[in-house]
Amino acid sequence: MENAAYIGLSRQMTLRRELDIVANNIANADTTGFKVEQLLLGTEVGERARNDAVRPGVSFVLDNGVGRDYGQGPLNQTGRPLDFGIEGEGVFFEIETDQGPAYTRDGAFVLDPEGRLVTEAGHRVQGQGGEIVLDPAQGQPAVAADGTISQNGQPVGQLKLVRFDALAALSKGGDGLYRNASNAAAMDATDARVRQGMLEGSNVNPILEITNLIEISRAYERITRMIENTNDLSRRAVERLGRTS
Amino acid sequence: MRALRTAASGMAAQQLNVEVISNNIANMNTVGFKRQRAEFQDLLYQNVERMGAQSSAQGTVVPTGIQIGAGVKAGSVYRITEQGTPSQTGNRYDVAIDGRGYFQVNLPSGETAFTRAGNFAVNGEGQLVTDDGYAVNPAITIPQDAVDVSISKSGQVQVITQGSTEPSIVGQLELATFFNEAGLEAVGDNLLMETAASGPATVGTPGAAGFGQILQGYTESSNVDAVSEISALIVAQRAYEMNSKVISTADDMLSVAAQVKS
């Protein structure tokens with residue numbers, strides 16, 4: 001009898017979590033290099049209340065994980081020479097942080113007072129041979145599609161682009177940075193292209209997210225009603241069966 | 001409910017975005033103005049179920065985990081130092097920089113400020129000053145009997161005085177460049193100040209390697225593009241609306257939950 005209420009509750013808990021994720025997607029609809037996320041749901045087969053060969057077993061809803069869509073976001077022109085967008089799915093810039101290497105799709109880089117290429121937060125951008133140092137006296141840097149940076153026609157470094165076999169192993173650390181949570185090492189990506197003066201926008205589809213939002217809200221209401229109905233049913237059963245005439 | 005705070009962070013970010021865009025539009029006709037852009041980053045993530053965690057005694061691991069984000073924050077608001085279009089004014093003390101560099105200006109406080117706005121004038125003593133009356137560094141004094149002033153591409157200031165046919169050199173304009181131009185601090189009145197992030201100024205003559213050239217009789221227009229600012233404004237407004245929609249949905253769900261009784 002109580003199975004219906006508990007199954008409803010398991011769905012409501014996942015709906016609350018789905019709402020949190022949709023809210024985060026919408027809040028980041030304008031975040032550079034953001035990748036849309038979705039809750040992955042599965043069924044958890046539960047035990048029946050009593051041994052009953054006729055009726056089927058009950059299945060609860062369980063959230064198995066958060067899936068991230070690493071699809072390409074739109075490249076938006078900014079006109080800034082140190083903005084870099086990656087064209088190619090699942091490819092990242094390698095960044096050196098105090099906690100080890102991190103990976104990002106946000107290519108809005110700046111120069112620090114020593115002329116090193118760093119992220120907005122001041123983490124050093126990794127090149128093929130260590131950090132990349134630019135000389136401001138040599139004019140605007142030009143970046144080729146393979147990430148080679150040159151000034152005045154002379155190459156000064158190459159942006160390190162990496163990819164992973166299993167993208168699901170990447171964990172998010174905020175600030176647009178991903179960290180490698182598995183033992184798999186990053187590999188050099190040779191098939192991606194770097195676009196100078198462009199930044200990759202978020203790949204959130206706002207219309208889809210608003211539709212999800214409506215669905216979540218309606219589903220939550222429906223299940224609340226179902227739980228109420230189940231409660232009504234058991235209350236009436238108790239009233240009727242408990243009557244002594 | 002986490003969704004409420006997440007959406008609130010989204011609304012705050014879009015509000016900042018609108019503020020930056022409105023400042024760009026307001027300065028569409030400001031001499032030497034460089035447009036700004038707000039850049040956003042995602043906030044920290046909560047690990048509800050950590051990826052790679054053991055899911056059974058047999059050593060199976062959670063392949064994806066559950067990470068839930070807490071919203072968005074402004075990563076930075078940076079200046080886009082793209083060249084503005086030089087516009088002809090005909091004023092002989094108007095100078096535009098074509099390329100990299102900033103003019104140096106002596107502030108009354110004794111500090112040096114940097115500017116791209118070259119709409120200069122001369123004061124009562126014949127000294128070249130900004131339109132606020134601050135002297136341009138290095139000081140250039142135009143003699144009172146000058147009939148014509150010409151400023152070369154390399155910043156050399158020459159005058160032809162009355163009764164003379166030979167031009168005489170009265171000064172040399174200099175430009176300052178920085179390792180990290182985006183690190184300069186804007187203090188209003190078209191002026192920028194050096195910071196630890198920008199690095200020290202490198203001073204040189206216009207036209208030298210790494211420095212821009214001087215155009216006399218022109219000022220540099222603002223590099224704000226009205227069409228792209230207006231479309232950015234539309235996007236920001238819609239994003240703000242969608243975040244408010246999340247708040248009302250979360251509120252609806254809370255009220256549904258609160259009404260469950262019996």
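The values are calculated or read from the model by the stated rules, or taken from the named source; none is laboratory data. Note that the structure is predicted; figures quoted are calculated from it, not measured. Glycine also receives a Cβ, built like all others from the backbone with ideal geometry; neighbour counts cover every protein chain displayed.
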Quick one: A:R236 ticks every box in (1) at the interface with another protein chain (Cβ under 10 Å from one of its Cβ atoms); (2) modelled with pLDDT of 90 or more bar one, so which box is it? (1)
Pairs with Cβ under 7 Å, 6+ apart, first in the range B:68-80 and of a type in the set (A, V, I, L, M), second surrounded by fewer than 18 Cβ atoms within 10 Å (Cβ to Cβ) and assigned to a loop (DSSP other than H, G, I, E, B): B:A70/B:L44; B:I80/A:G79
If I filter the range B:75-93 down to residues being within 14 Å of another protein chain (Cβ to nearest Cβ) and of a type in the set (D, E, K, R), which single residue comes out as surrounded by the fewest Cβ atoms within 10 Å (Cβ to Cβ)? B:E82
Filter the range B:139-154 for residues that are at pLDDT 90 or above and either among the β-branched types (V, I, T) or surrounded by 14 or more Cβ atoms within 10 Å (Cβ to Cβ) (or both); which is farthest from B:I169 (Cα to Cα)? B:S154
Single residue of the range A:217-244 satisfying the filter (surrounded by 12 or more Cβ atoms within 10 Å (Cβ to Cβ) and of a type in the set (G, A, S)) that is farthest from A:P81 (Cα to Cα): A:S234
Any idea how many residues of the range A:166-179 are at pLDDT 85 or above and more than 9 Å from chain B (Cβ to nearest Cβ)? 2
Within the range A:205-216, the residues that are surrounded by 17 or more Cβ atoms within 10 Å (Cβ to Cβ) and either among the charged types (D, E, K, R) or free of Cβ contacts under 8 Å to residues at least 12 places away in the same chain (or both) are A:E209
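Specify which of the listed residues (B:A38, B:A3, B:A96) is facing chain A (nearest Cβ under 7 Å), crowded, with 19+ Cβ neighbours inside 10 Å and touching a residue at least 24 places away in the same chain (Cβ under 8 Å).
On the way: B:A38 fails: facing chain A (nearest Cβ under 7 Å); B:A96 fails: facing chain A (nearest Cβ under 7 Å).
Only one candidate qualifies: B:A3.
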Six or more apart or on different chains, Cβ atoms under 6 Å: show the pairs whose first residue is in the range A:218-245 and closer than 15 Å to B:V260 by Cα and whose second is surrounded by 13 or more Cβ atoms within 10 Å (Cβ to Cβ) and charged (D, E, K, R). A:I223/A:R11
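When residues of the range A:41-75 are filtered for being within 30 Å of B:A236 (Cα to Cα), modelled with pLDDT under 90 and not β-branched (V, I, T), how many remain? Break it down into steps so the answer makes sense when it comes.
Taking the range A:41-75 first, the residues within 30 Å of B:A236 (Cα to Cα) are A:66-75.
From the residues that got through so far, the ones that are modelled with pLDDT under 90 too are A:66-68.
Pick out the ones that are also not β-branched (V, I, T) and you get A:67-68.
Total satisfying the criteria: 2.
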Subset of the range B:32-48 that is part of a loop (DSSP other than H, G, I, E, B) and under 13 Å from the mean Cα position of the chain (by Cα) - its residue that is farthest from A:G33 (Cα to Cα): B:G32
